[in-house]
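K.L.:
Here it is, the structure in full.
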Amino acid sequence: MAEIRTVAVFCGAQAGDDPVYRAAASALGRGLAEAGIRLVFGGGRVGLMGAVADAVLAAGGEAHGVIPTFLSRKEIAHVGLSRLEEVPTMHERKARMAELAQAFLILPGGYGTLDEMMEIVTWKQLRLHAKPCVLINTHGYWDPLLAFLDRAVEAGFLRLENRGLLEVVPGANEAVMRVSGRD
């Protein structure tokens, strides 16, 4: 595997009700910065997105945000980043993040996070890329989704070999180890 220098992190624009989610996002940001891996993310200052970026920056790392114009105008853009790139649409945001990243890490989130994760794993299934897609199962958050994917295999809607395209780790430290080559 080639050295990974940039990862995209997909995660919530909300922080969640349990402080464990924000703590995991901060740990991931610190770990990426300490490993010398640049962050590419959705460009927001809110929720887990903001927590990851703040931790990367506080640890001396690089954070590159990619945000659609309409979200930037809602004043949720993170203005303290190494680079903030504005794009016209959500589709262009996802495409740009995929272009920049050499791996994808997924923290807890809602519809947007699910959309990003499913699209990037589908692209991997279609062999549009061969980059690692790593789901960080903080505090068992993704357990119901993992059960659904297992059910999709059982029901014949997902091939077993494709089920493995989404790697699962229990926490931020394991995710950093996976993408930094220290696993």
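The values are calculated or read from the model by the stated rules, or taken from the named source; none is laboratory data. This one's a predicted model, so the numbers in the text were calculated from it and none came from an experiment. So basically every Cβ, Gly included, is an ideal-geometry build from the backbone, and we count neighbours across all protein chains shown. Surface areas here come from the heavy atoms of the whole protein model, side chains and all, with no ligands, DNA or RNA. Shrake-Rupley method; radii C 1.70, N 1.55, O 1.52, S 1.80 Å.
K.L.:
Restricting the search to segment 165-183, which residues are in contact (Cβ under 8 Å) with a residue 24 or more places away in the chain, farther than 19 Å from GLY109 by Cβ and open to solvent by 80 Å² or more (accessible area, probe 1.4 Å)?
P.N.:
ASN173, ARG182
K.L.:
Working carefully through the options VAL121, VAL153, VAL176, find the one that is outside any loop (DSSP other than H, G, I, E, B), on the phi < 0 side of the Ramachandran plot and in contact with a Gly (Cβ under 6 Å, 6 or more places away or on another chain).
P.N.:
None of the other options fit; the residue is VAL176.
K.L.:
On to the next question. Any chance you could count how many residues in segment 11-37 are small (Gly, Ala, Ser), open to solvent by less than 20 Å² (accessible area, probe 1.4 Å) and more than 21 Å from GLY110 (Cβ to Cβ)?
P.N.:
First, the residues of segment 11-37 that are small (Gly, Ala, Ser): 12-13, 15-16, 23-27, 29, 31, 33, 35-36.
After this cut, where a residue has to be open to solvent by less than 20 Å² (accessible area, probe 1.4 Å) as well, the list is 12, 24-25, 29, 31, 33.
Now drop any that are not more than 21 Å from GLY110 (Cβ to Cβ), which leaves 31, 33.
Count: 2.
K.L.:
Further, regarding this structure: Do we find a residue being in contact (Cβ under 8 Å) with a residue 60 or more places away in the chain, touching a strand residue (DSSP E or B) at 6+ places or on another chain (Cβ under 8 Å) and on the phi < 0 side of the Ramachandran plot anywhere in segment 84-92? Talk me through it step by step, then tell me what you get.
P.N.:
Going through segment 84-92, the residues in contact (Cβ under 8 Å) with a residue 60 or more places away in the chain turn out to be none.
Taking every residue of segment 84-92 in turn, none turns out to be in contact (Cβ under 8 Å) with a residue 60 or more places away in the chain, touching a strand residue (DSSP E or B) at 6+ places or on another chain (Cβ under 8 Å) and on the phi < 0 side of the Ramachandran plot.
K.L.:
Still on this model: For segment 49-83, how many residues meet the condition of being of a type in the set (Asp, Glu) and either in contact with a Ser or Thr (Cβ under 8 Å, 6 or more places away or on another chain) or crowded, with 19+ Cβ neighbours inside 10 Å (or both)? Break it down into steps so the answer makes sense when it comes.
P.N.:
First pass over segment 49-83, keeping only residues of a type in the set (Asp, Glu): 54, 62, 75.
Now narrow it down to the ones that are either in contact with a Ser or Thr (Cβ under 8 Å, 6 or more places away or on another chain) or crowded, with 19+ Cβ neighbours inside 10 Å (or both): 54, 62.
So the count comes out to 2.
K.L.:
Please find, among GLU92, GLU99, GLU86, the residue that is open to solvent by 70 Å² or more (accessible area, probe 1.4 Å), assigned to a strand (DSSP E or B) and not β-branched (Val, Ile, Thr). Don't jump to the end; show me each part of the working.
P.N.:
Details: GLU92 fails: assigned to a strand (DSSP E or B); GLU99 fails: assigned to a strand (DSSP E or B).
Within the list GLU92, GLU99, GLU86, the selection yields GLU86.
K.L.:
Just give me the residues in segment 138-164 being within 15 Å of the chain's Cα centre (by Cα) and open to solvent by less than 50 Å² (accessible area, probe 1.4 Å), in sequence order.
P.N.:
THR138, TRP142
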